[in-house]
Amino acid sequence: MSEQRSIACITGASGGQGRVAVEKFVAEGYRVVAADLLPEAVERVRDEIVARVPDADILAIGLDQSSEESLREAAARVREWGGRIDALLLFAGVVQRDGVPLLSMSTEEWDRVQGVNLRGVFLACRELAPLIPAHAGGSIVTISSWWGQSGHPFYSAYCSSKAGVISLTQCLAAELADAGIRVNSVAPGNIDTEMHRAALRGEAEERGISFDEMRDIEWGKIPLKTAGPPSSIVEAAFWLASERSAYVTGATIDVNGGVKMR
Ligand SMILES: NC(=O)c1ccc[n+]([C@@H]2O[C@H](COP(=O)([O-])OP(=O)(O)OC[C@H]3O[C@@H](n4cnc5c(N)ncnc54)[C@H](O)[C@@H]3O)[C@@H](O)[C@H]2O)c1
């Protein structure tokens, strides 16, 4: 029975969006590989979900998306556990530690951000996409950012890494179309996860104002006046992974509360 269920492989699975994605794919009947840099955190995510959904079938694994070796090991474990991947969702990502002018950016920080966000997406696709069978409805979903659709001062490593993800998504979509495997991206705006809250905290500190004041300033710039819930991204990612989007490939879907219109 379990062999007939589709398999989703989700990186960044203990993060704000990734854990909601694990819940969603489990609820939709998928077996799920939940992978994250933090193995204990992703095991907690698995245990919490299994406590609520006893027939959930989740393989929790530690995985460093920036490491070729780690991805190869993960691919071997997934192959052994499930034999295939139907939906590959790459949520793992990091933001810069601070806003820094490009002319003062350290090579180490540049490489760290690019290593997870862009090189890591390349490596994850190269090592894990071969587990997606041809002509069986397979789908890859990357997570880019509205900051990859335009440049923003002091965040050149992050913005350029996410711009690269959008381009990589299009290149891979063109390459895998003949195998019937679709590749798309979701470009989040401000999403209410620890990543967003940490950025608000940092900016508030720099300006000497409270977190609430900083949040009100940033959210006030969004036409829909709030940061999105993680589920807003996960719903778009699920749609892109499902056959309902069967004619969509190479696309980047905006889910951002209209922030690009500000
Ligand atoms: N939250 C936002 O406002 C926002 C906006 C635009 C884009 N995004 C993107 O959405 C994605 C999900 O972010 P989130 O909001 O859930 O943030 P988050 O910080 O809550 O989650 C990120 C997850 O990625 C994991 N991770 C980090 N480095 C890793 C590595 N080397 N290997 C494997 N896992 C690693 C972290 O452990 C964490 O669980 C990221 O790619 C992020 O860049 C977020």
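Summary table
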| item | result |
| --- | --- |
| Subset of the range 216-255 [in contact with a Ser or Thr (Cβ under 9 Å, 6 or more places away or on another chain) and among the polar types (S, T, N, Q)] | Ser242, Ser245, Thr249, Thr252 |
| Pairs, first free of Cβ contacts under 8 Å to residues at least 40 places away in the same chain in the range 154-172, second crowded, with 18+ Cβ neighbours inside 10 Å, C-beta under 8 Å, six or more apart | Cys159/Ser145; Cys159/Trp147; Cys159/Gly148; Ala163/Ser144; Ala163/Gly148 |
| Complete set of residues in the range 56-87 that are among the hydrophobic types (A, V, I, L, M, F, W, C) and in a strand (DSSP E or B) | Ile58, Leu59, Ala60, Ile61, Ala87 |
| Inter-residue pairs, beta-carbon under 6 Å, first touching a residue at least 40 places away in the same chain (Cβ under 8 Å) and within 19 Å of Glu80 (Cα to Cα) and in the range 37-58, second of a type in the set (Val, Ile, Thr) and within 11 Å of the ligand (Cβ to nearest atom), 6+ apart | none |
| Identity of the residue in the range 19-35, within 13 Å of the ligand (Cβ to nearest atom), among the β-branched types (Val, Ile, Thr) and assigned to a helix (DSSP H, G or I), that ends up surrounded by the most Cβ atoms within 10 Å (Cβ to Cβ) | Val22 |
| All positions within the range 106-130 that are in a helix (DSSP H, G or I), of a type in the set (S, T, N, Q) and more than 10 Å from the ligand (Cβ to nearest atom) | Thr107, Gln114 |
| Pick from the range 156-206, criterion among the hydroxyl-bearing types (Ser, Thr, Tyr), within 30 Å of Pro133 (Cα to Cα) and buried (at least 20 other Cβ atoms within 10 Å of the Cβ), ranking: farthest from the ligand (Cβ to nearest atom) | Thr169 |
| Residue in the range 190-247 that is farthest from Ser6 (Cα to Cα), counting only those that are β-branched (Val, Ile, Thr) and in contact (Cβ under 8 Å) with a residue 24 or more places away in the chain | Ile222 |
| Single residue of Glu175, Glu203 found to be over 18 Å from the mean Cα position of the chain (by Cα) and at pLDDT below 95 | Glu203 |
| The listed residue being surrounded by 21 or more Cβ atoms within 10 Å (Cβ to Cβ) and either within 12 Å of the ligand (Cβ to nearest atom) or β-branched (Val, Ile, Thr) (or both), out of Gly62, Gly16, Gly93, Gly82 | Gly93 |
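The values are calculated or read from the model by the stated rules, or taken from the named source; none is laboratory data. Only a predicted model underlies this, so the values are computations on that prediction, with no experimental measurement involved. As a convention, Cβ positions derive from the backbone with ideal geometry for all residues, glycine included, and neighbour counts pool all protein chains shown.
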